[in-house]
Structure formats: structure tokens, C-alpha cells
Amino acid sequence: MGFVKEFKEFALKGNVVDLAIAVVIGAAFGAIVSSLVADVITPLLLTPALNAAHAQDLDQLAWGTVKYGRFLAAVINFLVIALVLFLVIQGINKLKRKKEVVANEPATPKFSLTEQLLMDIRDNIKKP
């Protein structure tokens with residue numbers, strides 16, 4: 001078996017593709033969680049605590065420190081990555097299905113004309 005053919009079979013195995021998708025999705029989801037914590041939750045928790053510690057004016061407890069734009073960008077990035085991977089996997093699954101349909105078709109034996117005529121004669125003799 002050639003190197004390229006072996007590599008193709010290895011790379012298209014379900015486990016390898018599933019693992020690659022899990023890593024990419026995990027990284028994209030990690031970005032969402034990191035952005036949520038760093039840009040939304042931490043400022044919401046720290047701003048009041050820092051303001052209270054410095055005895056600043058309550059008007060400064062505004063939403064100005066909440067960077068929800070980065071969080072939305074991370075969510076959109078995740079959705080785009082998930083959509084692209086879904087389309088890639090759909091294409092791979094279509095290729096696998098076509099290959100399975102071809103493999104599952106029953107093999108019809110090829111007979112010569114003489115063999116076919118002999119089988120027809122045999123079948124006609126068997127008829128009551």
C-alpha cells in the first residue's frame with residue numbers, strides 16, 4: 001500500500017476527524033469562556049469592589065468597563081467556526097455514504113454466453 005493511500009485512510013478515519021473537530025471547537029469555546037470571564041464578569045465584580053475600596057462616586061459604577069463587544073465577537077467567531085466545521089463534516093459524510101453505497105451493492109457474477117445458456121436450459125428442465 002502506498003504512503004499517500006495509507007495517510008489518506010489514516011487522516012479520514014472517524015476518530016482523527018472527530019478529535020480534530022473537538023480541538024477546534026474546544027479552542028473556540030475556550031475563547032468564549034475567557035472573554036466572558038475577562039470582559040464581562042470580572043469588570044462587573046471588580047469595578048464595584050474597587051470603587052467601594054476607593055470610596056468613589058456611585059455614578060462611576062457604569063457599564064463602561066464591561067467589554068461585551070469582545071464577548072459578542074467571540075460568540076460570533078465560535079458560531080462561524082462551528083458552521084464551517086459542520087459543512088466540512090457534511091461533505092465528508094456524503095463522501096463516506098457514496099463509498100458505502102457502492103460497497104454495499106451486491107456483486108452480480110459475470111457469466112459467459114455459454115454459461116448463461118446452460119443455466120437457462122438447466123432452469124427450464126427443472127420446471128415441472
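Numbers at a glance
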{"item": "Region 1-33, residues that are among the β-branched types (Val, Ile, Thr) and either touching a Ser or Thr at 6+ places or on another chain (Cβ under 8 Å) or touching a residue at least 40 places away in the same chain (Cβ under 8 Å) (or both)", "result": "Val17, Ile21, Val24, Ile25, Ile32"}
{"item": "Residue selected from region 107-120 under the condition among the hydrophobic types (A, V, I, L, M, F, W, C) and loosely packed, with under 10 Cβ neighbours inside 10 Å, by the criterion modelled with the highest pLDDT", "result": "Leu113"}
{"item": "Residues located in region 1-40, provided they are more than 26 Å from Lys96 (Cβ to Cβ) and charged (D, E, K, R)", "result": "Asp39"}
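The values are calculated or read from the model by the stated rules, or taken from the named source; none is laboratory data. Just so it is clear, the structure is predicted and the values come from calculations on it, not from any experiment. With ideal geometry, Cβ positions are generated from the backbone for all residues, glycine too; neighbour counts draw on all protein chains shown.
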